[in-house]
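Chemist: My questions all concern the structure below.
None of the figures in this text is laboratory data; all of them are computed from the coordinates on show. Computed from a predicted structure; not experimentally measured. Heads up, the Cβs are rebuilt from the backbone with ideal geometry, glycines too, and the neighbour counts pull from every protein chain shown.
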Amino acid sequence: MEMRQLGKDGPEVSRICFGCFSMGGAGVWGWADINDEDSIAAVHKALDAGITFFDNAALYGLGHAEELLGKALGNRRKDVLVATKCGYWRETMWEPKSYRDSSPANIRREIYFRFIGRTRRSPSMNRCGSCLILSMRGRPGM
C-alpha cells in the first residue's frame, strides 16, 4: 500500500481512505442496507490490505458507524488514523430533517460528548483510533 504523510509534520497514512458511510446501516438518507458483520469484514479486509486511514461521521447511522468502526478495529486501532466530522446532526435515523450547527458552543458539546464518551449517541468514538482528525461541516456560526 502506498503511504503518504498528512501535511508537513503529520502521520503517515495509506493513500487510500476507507469511507464508513455505508456502515451506518439503512436510513432515510441512503445509508446502505448492510449488516454489521459485513461491515466488520470489510474493515478487516481494508486493514489486511494496508489501509490505515478511515473517514467517518457521527451522522452515519447516528453514531452507529463510529461505534462499529471502533469494534472492527479492536486492538489494531493504534495503527490507524480516523477522520470524522462535526456540526451536522439528525435526531432519528428515519427523520428527513437535519440540523446544522457549527457554532463554537456546539463544536465544544460534540467534542465533549463524542470523544470523552458521555453520551448515548456515540459513547465509544474515542475507541476508534489513536489519532483523530475532526473536520467541521459548514462554516462557524451556521
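Chemist: State, to one decimal in nm, how far the label point of I16 lies from the label point of M1, with both points 7 Å from Cα in the Cβ direction.
Modeler: 0.9 nm
Chemist: Using the number of other C-beta atoms within 10 angstrom as an exposure proxy, rank T52, T84 with the fewest first. All intermediate terms of the calculation are to be shown ahead of the outcome.
Modeler: Numbers: T52 23, T84 26.
Going from sparsest to densest Cβ surroundings: T52, T84.
Chemist: Using a basic spin-label model with each label point 7 Å from the Cα along Cα→Cβ, how many nm lie between A32 and K71?
Modeler: 1.7 nm
Chemist: Another question, if that's okay. Can you tell me the order of 9-19, 60-70 when each peptide is scored by its average per-residue count of other Cβ atoms within 10 angstrom, highest first? Let's see the in-between values first.
Modeler: Details: 9-19: 14.6, 60-70: 23.9.
Highest mean packing first, the order is 60-70, 9-19.
Chemist: Order of K85, K45 from fewest to most other C-beta atoms within 10 Å?
Modeler: Numbers: K85 18, K45 11.
The most exposed by this proxy come first: K45, K85.
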